[in-house]
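The values are calculated or read from the model by the stated rules, or taken from the named source; none is laboratory data. These numbers come from a predicted model, not from an experiment. Cβ coordinates were reconstructed from backbone atoms using ideal geometry, including for glycine residues, and neighbour counts include every protein chain displayed. Calculation scope for accessible area: heavy atoms of the full protein, side chains included, ligands and nucleic acids excluded. Shrake-Rupley method; radii C 1.70, N 1.55, O 1.52, S 1.80 Å.
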Amino acid sequence: DAPYAVIMRQRMAYSGEIEASKAARERGDWKAAAVQSKANYEKNRLLLADEAVYYYISLVMLGEKEEARTWGERLLNQDFAGKASGLNSLAWYVVDPKGAIPTDQIDLDLALRAATRADELKDHNDPYILDTLARVQFVRGELAEALRLQLRAVERASRIKGDPMADMLRKDLSD
């Protein structure tokens with residue numbers, strides 16, 4: 001994997017497209033968000049993988065349940081099948097407490113399968129993925145399992161030293 005800074009520099013080539021997708025989502029223009037995010041993903045599936053998740057969210061928000069289900073399955077089983085970070089993003093954005101998807105429209109099965117697969121790919125050691133899996137379990141009402149996973153995420157995050165993202169995660173998980 002390329003270092004984060006290199007990836008961010010490469011993504012700059014798509015800053016206008018990324019901003020157009022983000023602006024459409026912020027306006028609640030889900031049709032425009034769907035069109036732009038899918039086009040972005042098709043331009044560069046590696047650098048713009050998050051746009052595939054935004055396309056999924058847009059389909060859900062448009063009420064396109066079958067298309068959203070098909071796209072989510074494609075991400076889970078093909079595009080992100082061996083990519084823990086992509087699977088984690090898919091799961092997180094489905095259950096994000098600050099996300100766009102209303103609780104009654106969340107596909108908890110998809111989120112659970114994506115988070116579980118990401119966790120397996122990282123040998124149950126990635127605090128970010130454990131945090132996501134804990135959130136999925138929480139939304140599913142499986143509070144004991146959610147707490148167990150959240151505590152494990154805190155413990156795993158405490159092992160990472162000198163990483164500002166890990167420091168932020170530790171603080172967020174401990175609050």
Fill in: the chain: radius of gyration over Cα atoms, expressed as a fraction of 2.2 N^0.38 Å
1.03
Item to complete: Within the range 95-139, report the trypsin sites (Lys or Arg not before Pro) that DSSP leaves as loop and that have at most 15 other Cβ atoms within 10 Å.
Response: LYS98
Worksheet item: Under 19 Å from the 7 Å Cα→Cβ point of SER158, by amide nitrogen: which residues of the range 135-150?
Response: 146-150
Fill in: Förster-model FRET efficiency, 30 Å R0, GLU142 and LEU62, C-beta, rounded to 0.05
0.50
Worksheet item: Per residue and in cubic angstrom, what volume does the convex hull of the Cα atoms of the range 92-147 have?
Response: 71 Å³
Worksheet, complete the sentence: Correct semi-axes for the range 1-104, from √(5λ) of the alpha-carbon gyration tensor and rounded to whole Å with the largest first, are 21, 17, 12
Item to complete: Please report, in cubic angstrom per residue, the volume enclosed by the convex hull of the alpha-carbon atoms of the range 71-119.
Response: 66 Å³
Worksheet entry | Added length on full extension, which subtracts the Cα-Cα distance from 0.36 nm per residue, ALA23 to ASN44 | 5.6 nm
Practice prompt. Could you pull out the GluC sites (Glu not before Pro) across the range 83-145 that fall in loop regions by DSSP (anything but H, G, I, E, B) with no more than 16 other Cβ atoms inside 10 Å?
Written response: GLU142
Discussion item. If you count only protein heavy atoms with a 1.4 Å probe, what accessible area per residue comes out for the chain, rounded to a whole Å²?
Written reply: 55 Å²
